[in-house]
Ligand SMILES: Nc1ncnc2c1ncn2[C@@H]1O[C@H](COP(=O)(O)OP(=O)(O)OP(=O)(O)O)[C@@H](O)[C@H]1O
Ligand SMILES: [Mg+2]
């Protein structure tokens, strides 16, 4: 994911990541959001100034009370009231700052997430097949969460703390003198150095925790997904042990991480309190010497305690920001990936006349080392039906993927209505083609939603008409929830044949000029096959149709049949032509006939019993 990391250090990469984020925080052309950023910054400063100056009221009150001859009791009251207001102010201004900024950060998150999502859909099939979908959605999720985190902590923790640090150092310098400021600076610098270096060292425990966590999770998910297999082999104990082993490693790493955190916290406390004690000793000395008041002594203590409070989180913030930057970089690098298949600069829309298709000497391989198609040439005339048959792995589905331009041919041309598909826009090409894939996957929603998907926003009647044409309406009506029946994840609650008919219905709604049907490999029973067959006859009317068939009986009436064998076109012609040739097709046909006869006999026997 990070091809650049060989050349640049992590720091350089982090800076780059932050730079890429910047435009979203100062969004061009969005004056309102910019105003919000400015207001948030002003509120941030106000809140910090209030925080830092509030202890002065406290000091004033202490001094007033400590001076015995002071009879004006209303002076400490005023000071105490101001002290309360100051404390309240620093909280309220902080909250207002968050409110003002939330719209900015949320809009940045939304825009980035949407942009990444859109981009992912523009990437090629090859990209998606290589990657785990879960991993992709996690990259977006983690990326956006990190942005939220980085913004929040950079702007609302680190920046204000730096501001406070500066103000307090100035106060120490002017109110108490350079010695005090020196103690403060030494304490803070050693605190920060310690925190960063220990946190860096601790990161390895954290990393191994994450690694073991992922490991355990993957094992658990894989095991649960293979639920049936586990049962088939009675391997529940084995699975549980494997899971436990992964969890044990996590546990060990977690314990180490906690120990190292305790160490860090203790060392931090040592530095803070040493600094505090030294400053207080100096102030006490100053009081004895008559240079400082009791109030000054209290002031020094309060300012220091206040200052060290946000520093407490520094280790956590440092670690999380580092991690967040890596997560963000992963998301940004997804955005950098260019789609493998891009429209040519001068691409025009495909213009459909009769939807004739021609493959001319097409060579293709998914990888360079393994060629799948060898010089494939064929033609389908307007409105005709072409059947593609051949053994498994012969390259039949590959032909469909090339026609849809999921991949690009290495050699040769694919022509639709005299236009090379490589020089038309992908959108117009894909608009013209409807595919009912070999293994249909449905959205985890209602049947209605899945059919309507072919033409989003179409009328209820259209959906029903399409379902009727696809021969699935009657079945849907037998379901208790009818069209509102949920189909389950990937459509698993429907049978293979039902899913395929839903897919046919949604393709009918798309109403494409070219139809590709990739028949399911698993043998459907003859009744289902017949219904699908009928549906197909209706759908393929007046359309150029490619049927990839496994059962030859379904394609006897095709205008033309091509027989693929090991990526080459072995035979072509009509059913009768091919039977006459006595080649691969005739052989396949006889085998299937025999299987059919055997099935028929079995069925009759069963019926008699
Ligand atoms: N994404 C891919 N990456 C690499 N090789 C692939 C990919 N998809 C398919 N193949 C290979 O290409 C060859 C042709 O596959 P294809 O899916 O076209 O076969 P098919 O004729 O449709 O087979 P079936 O009848 O089983 O559906 C197979 O050997 C397969 O292993
Ligand atoms: Mg196939």
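Where a number appears in this text, it was derived from the coordinates with a stated rule and is not lab data. All of these numbers come straight from a predicted model, not from anything done at the bench. Neighbour counts are summed over all protein chains in view; Cβ atoms, including those assigned to glycine, are modelled from backbone coordinates with ideal geometry.
May I ask you to sort 101, 56, 443 by Cβ crowding, counting other Cβ atoms within 10 Å and putting the fewest first?
Numbers: 101 23, 56 19, 443 12.
Least crowded to most crowded, the residues run 443, 56, 101.
How would you rank 384, 408, 228, going from fewest to most other Cβ atoms within 10 Å of each one's own Cβ?
So the residues, fewest neighbours to most, are 228, 408, 384.
Counting alpha carbon pairs within less than 8 Å and at least 6 residues apart, what relative contact order, in whole percent, applies to the chain? If you can, show how the numbers build up before the last one.
Details: 763 pairs, mean separation 80.9, N = 609.
Once normalised by length, the contact order is 13 percent.
Suppose we look only past 16 Å in the calculated P(r) of the range 438-484. What percent of the Cα-Cα pairs does that tail hold? Mind dumping the intermediate values first?
Details: 399 of 1081 pairs.
Looking at the range 438-484, the distances longer than 16 Å represent 37 percent of pairs.
What is the log10 of I(q)/I(0) for the range 215-259, computed with the Debye formula using one identical point scatterer on each Cα and no solvent, at q = 0.26, 0.29 Å⁻¹?
Rounded to two decimals, the profile gives -0.86, -0.97.
Rounding to the nearest 10 and keeping the result within 0 to 90°, find how far the Cα-based axis of helix 159-171 lies from the longest principal axis of the chain.
Tilt relative to the chain: about 10 degrees.
On a 0 to 90 degree scale, rounded to 10, what angle separates helix 496-510 from the longest Cα axis of the chain?
80
What percentage of all Cα-Cα pairs in the range 408-507 are separated by more than 16 Å?
On the way: 2956 of 4950 pairs.
Within the range 408-507, distances greater than 16 Å cover 60 percent of Cα pairs.
Ratio of the range 13-336's C-alpha Rg to 2.2 N^0.38 Å, to two decimals?
Numbers: Rg = 26.2 Å, N = 324, 2.2 N^0.38 = 19.8 Å.
Rg over 2.2 N^0.38 Å, computed on Cα atoms: 1.32.
Over the range 92-180, what lengths in whole Å, largest first, do the semi-axes of the equivalent ellipsoid take, defined as the square roots of 5 times the eigenvalues of the alpha-carbon gyration tensor?
On the way: eigenvalues 386, 46, 13 Å².
Ellipsoid semi-axes (Å, largest first): 44, 15, 8.
Given points 7 Å out from each Cα along the Cα-Cβ axis, report the residue 88 to residue 461 separation in nanometres with one decimal.
Here the modelled spin labels are 6.7 nm apart.
Using only helices, what value at 222 nm comes out for the chain when you add -39,500 (n - 2.57) per DSSP H run of length 4 or more and divide by the total residues, to the nearest 500 deg cm²/dmol?
Computed mean residue ellipticity for the chain: -22000 deg cm²/dmol.
Distance between Cα centroids, the range 420-452 to the range 563-604: provide it in whole Å.
Comparing the Cα centres of the range 420-452 and the range 563-604, I get a distance of 30 Å.
When the gyration tensor of the range 171-273 is built from Cα positions, what are the square roots of 5 times its three eigenvalues, in whole Å, from largest to smallest? Before the final figure, lay out the partial values.
Details: eigenvalues 520, 23, 13 Å².
One finds semi-axes of 51, 11, 8 Å for the range 171-273.
Expressed in nm to one decimal, what extension gain is obtained for the pair residue 34 and residue 248 from 0.36 nm per residue of sequence separation less their Cα-Cα distance?
Working: separation 214, 0.36 × 214 = 77.04 nm, distance 4.97 nm.
Net length gain for the segment: 72.1 nm.
Looking at the chain, send over the antiparallel percent of its DSSP beta bridges, to the nearest 5.
Expressed as a percentage, antiparallel bridges in the chain total about 50.
Using Cα-only point scatterers and the Debye equation, what is log10 of I(q)/I(0) for the range 140-187 at each q in 0.18, 0.20 Å⁻¹, rounded to two decimals?
The computed values of log10 I(q)/I(0) come out as -0.61, -0.66.
Let me see the P(r) profile for the range 221-329: every Cα-Cα distance counted, bins of 10 Å, each bin given as a percent of all pairs.
Taking every Cα pair in the range 221-329, the percentages come to 11, 21, 19, 17, 13, 8, 6, 4, 1.
If you take the beta carbon distance between residue 361 and residue 478 as r and set R0 to 56 Å, what does 1/(1 + (r/R0)^6) give as a FRET efficiency, to the nearest 0.05? Mind showing how you got there, number by number?
Details: r = 50 Å, r/R0 = 0.89.
The calculated FRET efficiency here is 0.65.
Using the alpha-carbon atoms, what tilt in degrees (0 to 90, nearest 10) does helix 460-469 show relative to the longest principal axis of the chain?
40
Could you tell me the largest-minus-smallest coordinate of the C-alpha atoms of the chain on each of the three principal axes, in descending order and whole angstroms?
123, 59, 54
On average over all directions, what projected area in square nanometres does the range 357-429 have, based on the convex hull of its Cα atoms?
On the way: hull surface 20.3 nm².
Over all viewing directions, the range 357-429 projects a mean Cα-hull area of 5.1 nm².
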